[in-house]
Amino acid sequence: MAEWAWTVVIMGAIGLVLTMMLWPTPSTGKRLLKKWQVPDPTEAQVTDAVRYLRKRRLLYPWIYVAGAFGPEFDSDMTRLVIIVLGGALLAELIALRPPRSAQRVASLVPRGLTDIAAKGVLISYIVIVLGVLVHLCLQQEWQRVLWLGVSVAAVAVITWAAVARPATGDQQVDMALRTRSVHVSAGLGAAVAAVLIPGKWGFIGILAWIAMAHTKPLPTKINR
């Protein structure tokens with residue numbers, strides 16, 4: 001079997017295994033909502049959260065297979081990490097479209113980015129990206145600058161959509177999932193940026209991703 005075919009099989013298998021391991025259940029949906037400040041979610045709210053997660057998980061195998069045809073990096077591990085992180089980020093981006101059955105509702109309170117996301121997450125993401133950009137430019141790593149730009153564009157679209165897209169369904173769940181999208185995508189974007197620098201920075205980026213993805217917003221920003 002050709003090398004490219006083996007790569008496709010391996011990446012598809014990784015995506016399938018991750019999808020199976022991370023497949024959302026009602027208990028997963030309940031934990032998600034409680035984490036994002038919905039203290040006592042109803043069955044309908046949990047159903048919304050599970051649907052939200054499944055839309056993203058179903059994309060993993062396909063995105064990882066596509067990533068097998070991406071650019072080469074210093075090591076296979078660096079390439080694998082970038083495909084995994086970038087794949088998760090793209091899944092967030094592609095899954096932005098609300099379900100056809102969703103009922104749009106009007107929000108009585110104007111939404112701003114800081115009403116959805118924690119300032120610490122936003123500032124940390126900007127600092128990490130700018131630091132990586134300066135480093136890559138000084139090293140004249142223009143291909144990596146290009147991939148950094150792609151990840152920044154993905155995070156920007158997800159963040160814009162979290163603020164601007166019409167509200168759907170339950171308001172508490174809607175706000176909680178908007179916050180989750182911004183925090184997780186910012187964390188993934190920071191990790192992708194850091195991994196583009198060889199060495200210890202990739203590990204620091206992974207830690208930043210975990211920290212951002214687990215940073216809770218102020219309860220008043222969700223339950224208002």
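The values are calculated or read from the model by the stated rules, or taken from the named source; none is laboratory data. For clarity, every value in this text was computed on a predicted model and none was experimentally measured. Here the Cβ is made from the backbone with ideal geometry for all residues, glycine too, and neighbour counts use every protein chain on show. Heads up: the accessible areas ignore ligands, DNA and RNA and are worked out on the full protein's heavy atoms, side chains in. Shrake-Rupley method; radii C 1.70, N 1.55, O 1.52, S 1.80 Å.
What ³J(HN,Hα) values, in whole Hz, does the Karplus curve 6.51 cos²θ - 1.76 cosθ + 1.60 give for segment 199-210 when θ = phi - 60°, with x put for Gly and Pro?
Per-residue couplings from phi come out as x, 5, 5, x, 5, 4, x, 4, 5, 5, 4, 4 Hz.
Once phi is turned into ³J(HN,Hα) by the Karplus curve 6.51 cos²θ - 1.76 cosθ + 1.60 with θ = phi - 60°, what whole-Hz value does each residue of segment 29-41 show in order, with x for glycine and proline?
My calculation for segment 29-41 gives x, 5, 4, 4, 5, 5, 4, 9, 6, 10, x, 9, x Hz in order.
Which whole-number value in Å² is the accessible area per residue of segment 130-181, probe 1.4 Å?
Heavy-atom SASA per residue in segment 130-181 reads 48 Å².
What order, most packed first, do the peptides 184-193, 5-14 have when packing is the mean number of other Cβ atoms within 10 Å of each residue?
By packing density, highest mean first, the sequence is 184-193, 5-14.
Can you list the lysines whose alpha carbon sits under 17 Å from that of Lys55, skipping same-chain ones fewer than 8 residues off?
Lys30
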